[in-house]
Amino acid sequence: MVVAEVRVELKKGVADPEGKNTLKALELLGFEGVKDVKTVKVFDIFIDVDAGHAEKKVEEMCRKLLANPVIHNYSIKIK
């Protein structure tokens with residue numbers, strides 16, 4: 001079994017309202033010096049194939065479901 005970690009984040013210039021709201025909340029709670037907050041989704045995918053095929057399958061998962069290529073960048077790390 002292989003574990004693939006997929007990290008999906010918004011491309012530069014794409015609005016991140018969740019990150020902005022989190023930044024506001026941190027400021028209201030008195031946390032100083034926080035310049036920005038960006039949201040990132042991390043998926044741990046447990047897949048029952050060899051490592052050579054895992055990356056190819058996870059890449060397809062990203063293209064078909066996990067990431068929108070218009071607004072997201074993603075990275076895959078096989079563990």
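Computed from the coordinates by the stated procedures, all read-outs in this text should not be read as laboratory data. Please read these numbers as outputs of a predicted model, since none were measured by experiment. Positions of Cβ are backbone-derived with ideal geometry, glycine not excepted, and every protein chain shown enters the neighbour counts.
At-a-glance table
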{"item": "Correct option for semi-axes √(5λ) of the Cα gyration tensor in Å [calculated from the coordinates] among [x] 32, 14, 8; [y] 29, 16, 9; [z] 18, 13, 11", "result": "[x]"}
{"item": "Using alpha-carbon coordinates, inclination of helix 51-61 to the longest axis of the chain, degrees", "result": "50"}
{"item": "Label-to-label distance, nm, for residues given as GLU32 and LYS20 (7 Å Cα→Cβ offset)", "result": "2.6"}
{"item": "Using alpha-carbon coordinates, inclination of helix 17-28 to the longest axis of the chain, degrees", "result": "40"}
